[in-house]
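As structure tokens, the structure follows; a few thoughts come after it.
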Amino acid sequence: MYSIEIIRWKFNGNPTEIIDDDGKDCYDTFNMRPKKRRFGQRFFQSIVLNLRWLLPGIGVKRWILLILAGTTLLGVGFAVLILDVYRTAPDTWWLPIISFLSLRFIDRTLRGLIFGGAGIALIIVGFIGLNRTLLRPFVRPGANLIDTVSEYRRRERGPRIVVIGGGTGLSALLRGLKEYSRNITAVVTVADNGGSSGELRKSIGILPPGDIRNCLAALSNDEELLTQLFQYRFAEGAGLNGHSLGNLLITALTGLTGSFEEGVAEMGRVLAVQGDVFPSTLHNVNLCADIQLADKNVEVEIEGESQISGIGGKINRVWLDPANPAAFPPTVQAILGADLIIVGPGSLYTSLLANLLVPDLRDAIRASRAAKFYICNVATQPGETEHFTCNDHVRTIEQHIGGKVFDLMICNTNQQGILPKGIDWVKVNPDEEMRVPVYRSDLVDSGNPSHHDSAKLARAVMDLYLEKTGPLNTKEATSQL
């Protein structure tokens with residue numbers, strides 16, 4: 001004998017019994033009816049979901065209409081042939097069959113609607129099925145095909161953005177901007193001479209790949225395992241001197257392709273990068289600085305990007321050696337064709353100015369008709385910008401490149417977190433006349449207060465770009481215009 005177990009629970013508000021007993025059904029057919037309703041709802045939702053292919057901006061409707069036009073012409077031609085056969089053929093056994101299949105017993109208008117509707121439905125179902133089959137290998141597991149195509153098309157139509165900077169600040173901004181546009185160009189300096197990049201630069205003679213590696217990882221379409229592998233850094237003493245795997249891969253591709261820029265482009269294709277990463281110049285340049293030592297009234301000349309911020313003191317001036325390197329031509333083309341040019345965030349002297357001191361690049365920025373934003377760092381940087389205000393950052397850039405260049409400066413207002421020792425918030429001095437209009441908002445990463453939050457910063461940049469001269473005042477953000 002089998003024991004009888006009765007379990008009660010609520011289904012759509014009604015009590016239901018499940019009886020586990022030999023020789024009896026394990027379900028109540030009456031109470032299974034709601035499942036049929038759920039199937040109908042799912043079917044209706046599926047139809048509605050597939051109709052989203054017809055939404056504006058996806059770029060599908062034009063091809064559906066073209067397919068419909070072609071199918072209609074094919075159907076008309078086939079119908080003419082059938083009609084000719086039907087009218088000229090003698091009485092045979094198959095004529096009544098054709099008459100029945102053509103629904104002659106129904107009014108012609110209704111017949112046209114039936115055949116036309118069925119044809120359109122079959123074409124749409126076939127089109128959707130074909131797209132699913134062709135695109136499924138390129139869609140992430142769990143992602144919706146329509147949403148994937150729609151997002152791709154939206155970003156494809158995004159503004160052409162050029163971002164000039166370096167370090168973690170630039171990577172954070174790129175990570176946020178790629179959600180709004182695929183037309184992004186990151187411009188980075190090649191004056192780095194420290195760490196893994198510096199070692200490769202000295203031993204192999206290639207341009208430093210460090211900042212380029214970080215930008216490629218930030219713009220990658222897949223920031224999961226592949227990007228983590230790309231950013232993996234070998235431990236000291238492992239025989240690879242603390243090199244990152246990405247730097248080594250870029251170096252290897254440079255050797256395989258014969259040029260640094262081609263190696264970077266190939267690495268971008270491997271990582272499915274949404275945009276481009278260009279060096280400011282292909283020349284082997286060094287960053288030099290005049291620094292007034294903190295404990296002595298002495299000015300010293302320092303050569304090398306990694307030594308400038310480590311010596312301590314006030315940086316009076318920086319320059320490139322050689323002084324007039326030619327800019328990378330695609331970089332100049334990207335700047336001249338940009339809708340929006342963003343400088344920062346990043347180290348003021350060793351990242352931003354190291355790019356802006358390239359004469360052709362600086363002239364291209366001035367000549368470009370794009371909107372030009374400067375993003376001020378959240379916190380000061382030891383050895384470079386101690387005690388700097390937001391205005392000091394812009395003033396320093398203008399002194400080095402000569403004259404005003406920015407339309408707007410974006411600054412952070414959230415200064416509630418705890419910063420590491422030796423670092424202070426970069427603030428707007430209320431008693432100081434601002435050199436450019438200022439937009440202020442909460443842009444801080446709550447988990448790392450000394451850095452920008454990718455999503456917040458990108459959203460602020462895109463809102464400002466879309467508004468352009470529109471109102472900037474909100475409860476969360478204020479502006480001085």
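The values are calculated or read from the model by the stated rules, or taken from the named source; none is laboratory data. Since we're looking at a predicted model, the values are computed, not measured. As a convention, Cβ positions derive from the backbone with ideal geometry for all residues, glycine included, and neighbour counts pool all protein chains shown.
Looking only at region 99-115, decide whether some residue is hydrophobic (A, V, I, L, M, F, W, C) and within 15 Å of T71 (Cβ to Cβ).
Checking region 99-115: at least one residue is hydrophobic (A, V, I, L, M, F, W, C) and within 15 Å of T71 (Cβ to Cβ).
Run down I423, I410, I418 and say which single residue is hydrophobic (A, V, I, L, M, F, W, C), buried (at least 21 other Cβ atoms within 10 Å of the Cβ) and touching a strand residue (DSSP E or B) at 6+ places or on another chain (Cβ under 7 Å).
Working: I423 fails: buried (at least 21 other Cβ atoms within 10 Å of the Cβ); I418 fails: buried (at least 21 other Cβ atoms within 10 Å of the Cβ).
Selected residue: I410, the only one of I423, I410, I418 that is hydrophobic (A, V, I, L, M, F, W, C), buried (at least 21 other Cβ atoms within 10 Å of the Cβ) and touching a strand residue (DSSP E or B) at 6+ places or on another chain (Cβ under 7 Å).
Pick from region 320-340 the residues that are of a type in the set (S, T, N, Q) and surrounded by fewer than 23 Cβ atoms within 10 Å (Cβ to Cβ): which of them is modelled with the lowest pLDDT?
Here the answer is N324.
Starting from residues that are more than 19 Å from H393 (Cβ to Cβ) and among the acidic types (D, E), keep the ones in region 290-334 and report whichever is farthest from the chain's Cα centre (by Cα).
Of everything passing the filter in region 290-334, D295 is farthest from the chain's Cα centre (by Cα).
Out of curiosity, is G205 within 20 Å of L287 (Cβ to Cβ), of a type in the set (G, A, S), surrounded by fewer than 19 Cβ atoms within 10 Å (Cβ to Cβ) and touching a helix residue (DSSP H, G or I) at 6+ places or on another chain (Cβ under 7 Å)?
Judged against the criteria, G205 is not a match.
Being part of a helix (DSSP H, G or I) and surrounded by fewer than 18 Cβ atoms within 10 Å (Cβ to Cβ) is the filter here, so list the residues in region 393-407 that pass it.
Those that are part of a helix (DSSP H, G or I) and surrounded by fewer than 18 Cβ atoms within 10 Å (Cβ to Cβ): R395, E398, Q399, H400.
When you check D211 against the structure, is it crowded, with 16+ Cβ neighbours inside 10 Å, assigned to a helix (DSSP H, G or I) and in contact (Cβ under 8 Å) with a residue 60 or more places away in the chain, yes or no?
Yes; evaluated as a whole, the condition is true for this residue.
What's the total number of residues in region 266-280 that are in contact with an Asp or Glu (Cβ under 8 Å, 6 or more places away or on another chain) and buried (at least 16 other Cβ atoms within 10 Å of the Cβ)? Reasoning before the result, please.
In the first step, residues of region 266-280 are kept if they are in contact with an Asp or Glu (Cβ under 8 Å, 6 or more places away or on another chain); the result is 268, 271-272, 278-279.
Within this subset, residues satisfying the condition of being buried (at least 16 other Cβ atoms within 10 Å of the Cβ) are 268, 271, 278-279.
Residues that pass the stated criteria total 4.
What's the number of the only condition in (1) surrounded by fewer than 24 Cβ atoms within 10 Å (Cβ to Cβ); (2) in contact with a helix residue (DSSP H, G or I) (Cβ under 8 Å, 6 or more places away or on another chain); (3) at pLDDT below 85 that D222 fails to meet?
D222 satisfies all of (1) surrounded by fewer than 24 Cβ atoms within 10 Å (Cβ to Cβ); (2) in contact with a helix residue (DSSP H, G or I) (Cβ under 8 Å, 6 or more places away or on another chain); (3) at pLDDT below 85 except (2).
Yes or no, residue by residue, for (1) within 30 Å of N183 (Cα to Cα); (2) modelled with pLDDT of 80 or more; (3) of a type outside the set (V, I, T):
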position: G40; (1), (2), (3): no, no, yes
position: R52; (1), (2), (3): yes, no, yes
position: G57; (1), (2), (3): yes, no, yes
position: K61; (1), (2), (3): yes, no, yes
position: L73; (1), (2), (3): no, yes, yes
position: W94; (1), (2), (3): no, no, yes
position: L110; (1), (2), (3): no, yes, yes
position: L122; (1), (2), (3): no, yes, yes
position: L135; (1), (2), (3): yes, no, yes
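Taking interchain pairs and intrachain pairs at least six residues apart, which have beta carbon atoms under 7 angstrom, with the first residue in region 307-323 and over 22 Å from K296 (Cβ atoms) and the second at pLDDT 95 or above and of a type in the set (S, T, Y)?
Correct list of pairs: empty, since none qualify.
Residues checked against (1) without any contact (Cβ under 8 Å) to a residue 12 or more places away in the chain; (2) crowded, with 22+ Cβ neighbours inside 10 Å:
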| site | (1), (2) |
| --- | --- |
| I342 | no, yes |
| L348 | no, yes |
| A354 | no, yes |
| V358 | no, yes |
| D363 | yes, no |
| R366 | no, no |
| F373 | no, yes |
| V378 | no, yes |
| P382 | no, no |
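Look through region 172-202, keep the residues that are over 12 Å from the mean Cα position of the chain (by Cα) and either more than 20 Å from S347 (Cα to Cα) or among the aromatic types (F, W, Y) (or both), and return whichever of them is surrounded by the most Cβ atoms within 10 Å (Cβ to Cβ).
L200
Could you please tell me which pairs satisfy a Cβ distance under 6 Å, a separation of 6+ or placement on different chains, a first residue in region 274-298 that is under 26 Å from T385 (Cβ atoms) and assigned by TED's automatic domain parsing to the domain that holds R175, and a second residue that is surrounded by fewer than 23 Cβ atoms within 10 Å (Cβ to Cβ) and basic (K, R)?
Filtered contacts from region 274-298: D290/R317; Q292/K314.
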